[in-house]
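Encoded as structure tokens, the structure appears first; notes follow it.
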Amino acid sequence: MKGIEVFERIDAPAARVFELMTDMRAWPSVISAIERVEVLTDGPMGVGTRFRETRRMFGKEATEEMTVTGWEPGRSYTLGCTSCGVEYSSMVRVMPEGAGSRLSMHTGGRAVSLGAKLMSGPMSWMMSGMMRRCLAQDLADLKKAAEAQHGSQPDAAMSTEPV
């Protein structure tokens, strides 16, 4: 699967955005597509944290078990998951930008099963646009929550760039 990257400019400090984006238990109340999160490990979020996320995607409920595979305090985290014969990796990063911050998400996958390899060409092309919209909505939801807590008015600007 070709990588997809989306960006969002947020009128809130990067530290606040990082706090919000790593509060897994709050995701269902912040990210509109997420219905529930079940944390499977103890302690704060960090490398090795495992959880099940149930979200509505393409009109259907889907549950995936994910693991935090990368952790850079105050800056980013990476999630890994295997689903339908594909190993997925998603990195969410926040960087200071002026008085606010820039939030980005990069998601990619690698087909590991024969079925996934056979379908990867046509399916990745068809799915990339839909996935881009889903990821952009997740970031827009985080933006709305961060700016509401920071006391800013939302800014409608959002850009996406293929990787």
Could you tell me which residue of segment 1-58 is farthest from Pro96 (Cα to Cα), considering only residues that are among the β-branched types (Val, Ile, Thr) and touching an Asp or Glu at 6+ places or on another chain (Cβ under 7 Å)? Thr54
Could you please find all residues in segment 37-76 being at pLDDT 95 or above, among the aromatic types (Phe, Trp, Tyr) and touching a helix residue (DSSP H, G or I) at 6+ places or on another chain (Cβ under 8 Å)? Phe51
Hey, among the residues in segment 15-34 that are of a type in the set (Val, Ile, Thr) and part of a helix (DSSP H, G or I), which one's nearest to Trp71 (Cα to Cα)? Val17
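Can you spot a residue in segment 15-25 that is more than 18 Å from Leu135 (Cα to Cα) and either touching a Cys at 6+ places or on another chain (Cβ under 8 Å) or touching a residue at least 60 places away in the same chain (Cβ under 8 Å) (or both)?
yes
To keep it simple, each residue is scored yes or no on (1) free of Cβ contacts under 8 Å to residues at least 60 places away in the same chain; (2) among the polar types (S, T, N, Q); (3) closer than 20 Å to Gly108 by Cα.
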| position | (1), (2), (3) |
| --- | --- |
| Ile4 | no, no, yes |
| Glu8 | no, no, yes |
| Ser29 | yes, yes, no |
| Asp42 | yes, no, no |
| Gly70 | yes, no, yes |
| Pro73 | yes, no, no |
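The values are calculated or read from the model by the stated rules, or taken from the named source; none is laboratory data. The shown structure was predicted, so the numbers you read here are calculated from the model rather than taken from an experiment. No Cβ is skipped: glycine too gets one built from the backbone with ideal geometry, and neighbour counts run over all protein chains shown.
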